[in-house]
Ligand SMILES: Nc1ncnc2c1ncn2[C@@H]1O[C@H](COP(=O)(O)OP(=O)(O)OP(=O)(O)O)[C@@H](O)[C@H]1O
Ligand SMILES: [Mg+2]
C-alpha cells in the first residue's frame, strides 16, 4: 500500500513549447503528487501532454513555470549539469519501444546504468534483478534475440538498477500483446508494492487500470477531475461516463464505448458481468 | 575502456577494419616516408661524419662532399698545413663523382683517392679482402657490390683505366652512388690531375677547439674553406635532401589527411547511426561527458590499432623493400615512431571532434517517441 513519502510532486507546472503564434501549451498549471508504493495511471487523448508530463517529472525537460520535486529535491532549482545524476539515481524510465542498447546483452544493459562502481557487485545486482524478472536464462542474450515482453522486462530491470524512488513508464505495454502487457503491468505493481517505489504510467491501455491505485485523466494539458471513467464491460475499453451510452443491470450502471457494445450487453448482460467481475 | 565504447567499436567489425585500415595506411605512409628520409639522411652525410677528421679544407665556395667541386694545390697546401701548430696530422683527399663500367654496364660511383699513410678518408670498415688498395687496385663499398654484383676479383673500368677489385668496405653508400677507394697516386694518374687534390682532412691536437680553429685557418689562407666535419656533413645533407623536404612535407600532409578522412568519416557515421542509443543514455542519466568519452575511446582505440598495424607494416616492409629496391634505405628511429604516435593521436582527436559535437545536440526526449 502507498506510504506517506511523497516521491514526486509537481506544483503549478506549465509547459509551453515554442513562442508567439506557434506556442503550444502542453501542460497548463498542473498539480500532481505521488507517494511511495503507489501506482498511478495517467490517461488521455493523443496530444494531451502525457509524455510532456513524464519528461518533466523525470527531469528530462524543464517546465516553463512551476516546481518539480523528486524525492524531496526541487529539480527546477538545479543546474543543467546536475540533472543527469537525478535521472540516474532517483528515476527509472520505461519506454514504449524498450530502448535497450542493441550491442549490449541483457545483463550488460542493466549493469551499465548502475552507479555502483565495483563491477562485481553491479553485475551481481543486475543478475538478481533479471532473475527476479524471470530472465535468468536470458542474461547473455542480445536485445534482438529477445521477445518484446522479455525486452520490456530487461528495461524494467534497468529502471530498477539504482533502486530509484520513482518509476516513469510511457506506454509500457503498447508494443506488447495483451498477455505480455498484463504480465508487465503486474510486475510493475508488484515492484511498487514490494520495493515502495512510485510508479507513474502513461497509457491508453484500459487493462492497466486493474493494477493501478489511481487513474488520472489528462486533457489539453490539465488533469480533469470531473471526468469519471468506466470500463466498457463488453470490449474492455475505458470510456468517459459523461458521454457514453449506458445501461443498468442488477442495480449497477454500465457504460459503453459505442452502441454496438451496448446492444451486445443488452442481449446477454450475464455473460459480461460475470466474465469481468467474477 | 567503457563497456559501451568497447561494444560499439567491436560489434561492427567491418567498420572497425575500415577505420583501422585507413589509419594504418596513413601511419604506414608517414612512417615509411619518414624512415626513408632518415635512411637517406644517414647515408648521405654518414661518411663525412664518420671519417676521422676534425676539419675539412676545401676551395672557397665548395658546397658539399658529393659534388666535390674543389681544387687545391697539393704541395703548397701541405707546406702551409705543416706550419700550423694546432694541426696534429693532415691528409690530402681526391674525391670525384664519376661513372665507371663493369662488363659494359654503367655504374655511378664516388671515387675517393686517399693517402694510405696516414689513411684519413679511406674506407671506414673493411668487410672483405685487402684493407688497403695497391696500384691499379680498388676497394668498393659493399652496397655497390650488392647492387651491381661487383665482387672481389672483378674489374671495373673507365675509358683510360682498369681497376681490379681487391676488397669490400662499408659506410660509403650515398644511395645514388657508392664510394670506391683507390690510392691518392692512383687517383691523380687516373684523373690526370697531378699536383692537385680536392680536400685536406685535418686532425687537430685539440679536437674540441675545431670550431675556433676553422675560422683561423680561413683567415690564414684566403680563398680556402675550413669547415668542421659535422658542418660539412650537414651541408652535404642539406644540398642533397634539402629540395626533397617540401615535397616530402606535402606527401606527409596528404597521408595525414587520408587517415583523418577515413577515420573521421567512419567515426562520424558510427556516431550518427547510434544517435538514438546516445539519446537513451542521456535519458537514463548519463552526462554529455560520459558520451564524449565513449566516442573518444572508440576513436583512440581505433587509432592505437591503426598505429600498431601501420608501424608494424613499416618495420616488416622496410628490409623487404630494400631487397627489391636498393634505394629504399629505411631507418626507423624511435623518436620518429614517437612522433608518428603523436600524429596519430592528433588524427583521432580531430576525427572524433565533429561527432562529439553532434552528441551534445542529441535530444534525450526524442527516445520517448516510438
Ligand atoms: N518538442 C515539441 N515542440 C512543440 N510542440 C510539442 C513538442 N512536444 C510536444 N509538443 C506538443 O505538445 C502537446 C503535448 O504533446 P505530448 O507528446 O506530451 O502528448 P501525449 O499526450 O504524449 O500524446 P500521445 O498520446 O500522442 O503520445 C502536443 O500538442 C504536441 O504536439
Ligand atoms: Mg506520448
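What 222 nm value per residue comes from the helices of chain A, counting each DSSP H run with n ≥ 4 as -39,500 (n - 2.57) and dividing by all residues, nearest 500 deg cm²/dmol? Walk me through the numbers before you get to the answer.
Numbers: 8 runs with 86 residues, N = 278.
Counting only the DSSP helices, I get -9500 deg cm²/dmol.
Mind listing P(r) for segment B:130-240? All alpha-carbon pairs, 5 Å bins, whole percents.
2, 10, 15, 16, 17, 16, 13, 7, 4, 0
Calculate how large, on average over all directions, the projected area of the Cα convex hull of chain A is; give the answer in nm² to one decimal. Could the numbers behind the result be given before it?
Numbers: hull surface 68.4 nm².
That works out to 17.1 nm².
If I take the Cα coordinates of segment B:47-241 and project them onto the principal axes, what are the three extents in Å, biggest first?
Cα spread of segment B:47-241 along its principal axes, largest to smallest: 48, 33, 27 Å.
Just from the alpha-carbon atoms, what are the Rg and Dmax of segment A:151-248 in angstroms?
14.9, 49
Kirkwood Rh over Cα pairs of segment B:1-111 into Stokes-Einstein at 25 °C, 0.890 mPa s: D in µm²/s? All intermediate terms of the calculation are to be shown ahead of the outcome.
Working: Rh = 19.8 Å.
The Stokes-Einstein estimate is 124 µm²/s.
When you take every Cα atom in the protein assembly as shown, what is the radius of gyration, and what is Dmax, the widest Cα pair distance, in Å?
42.9, 140
Compute for segment A:230-277: radius of gyration divided by Kirkwood radius, i.e. Rg/Rh, restricted to C-alpha atoms, rounded to two decimals.
Numbers: Rg = 9.3 Å, Rh = 10.4 Å.
Value, to two decimals: 0.90.
As a check on your grasp of the helix formula, calculate [θ] at 222 nm for chain B: sum -39500 (n - 2.57) over DSSP H runs of n ≥ 4, divide by the residue count, round to the nearest 500.
-18000 deg cm²/dmol
When Rg is the radius of gyration of the Cα atoms in segment B:180-316 and Rh is its Kirkwood radius, what does Rg/Rh come to? Don't jump to the answer; show the numbers that get you there.
Details: Rg = 30.1 Å, Rh = 22.1 Å.
That ratio equals 1.36.
Calculate how many DSSP beta bridges within chain A are antiparallel, expressed in % of all such bridges and rounded to the nearest 5.
Taking every DSSP beta bridge with both residues in chain A, the antiparallel ones total about 60 percent.
Report the extension gain between residue A:267 and residue A:178 in nm, rounded to one decimal, defined as 0.36 nm multiplied by the number of residues separating them, less their alpha carbon distance.
Working: separation 89, 0.36 × 89 = 32.04 nm, distance 2.64 nm.
Extra length available between residue A:267 and residue A:178 comes to 29.4 nm.
With the Cα gyration tensor of chain B in hand, give its eigenvalues times 5 under a square root as the equivalent ellipsoid semi-axes, listed largest first in whole angstrom. Show your work: numbers first, answer last.
Working: eigenvalues 708, 106, 39 Å².
After scaling each eigenvalue by five and taking roots: 60, 23, 14 Å.
Counting each pair of different Cα atoms once, what's the Kirkwood radius of segment B:241-337 in Å, rounded to one decimal?
Numbers: mean 1/r = 0.0597 Å⁻¹.
Computed over segment B:241-337, the radius equals 16.7 Å.
In degrees, nearest 10, range 0 to 90: what is the angle between the Cα axis of helix A:119-132 and the longest Cα principal axis of chain A?
So the inclination is approximately 20 degrees.
How far apart, in nm, are the 7 Å Cα→Cβ label points at residue B:325 and residue B:147?
For the pair residue B:325/residue B:147, the computed spacing is 1.4 nm.
How far is helix B:229-241 tilted off the main Cα axis of chain B, in degrees rounded to 10, range 0 to 90?
Between the helix axis and the principal axis of chain B, the angle is about 60 degrees.
Is the shape of segment A:90-208 best called rounded, prolate or oblate, per the rule: a/c under 1.5 gives rounded, else a/b larger than b/c gives prolate, else oblate, with a ≥ b ≥ c the square roots of the Cα gyration tensor eigenvalues?
It is oblate, given that a/c is not under 1.5 and a/b is not larger than b/c.
Can you tell me how much longer the chain between residue B:261 and residue B:155 gets when fully stretched, taken as 0.36 nm per residue apart minus their C-alpha distance, in nm with one decimal? Provide the component values of the computation, followed by the final result.
Working: separation 106, 0.36 × 106 = 38.16 nm, distance 5.46 nm.
Gain on extension, residue B:261 to residue B:155, equals 32.7 nm.
Just to confirm my numbers, what's the Cα centroid distance between segment B:240-297 and segment B:125-192 in Å?
The distance from the Cα centre of segment B:240-297 to that of segment B:125-192 comes to 54 Å.
Read-outs: derived from the displayed coordinates by stated rules, not from any lab. None of the values given here were measured: they were computed from a predicted structure. So basically every Cβ, Gly included, is an ideal-geometry build from the backbone, and we count neighbours across all protein chains shown.
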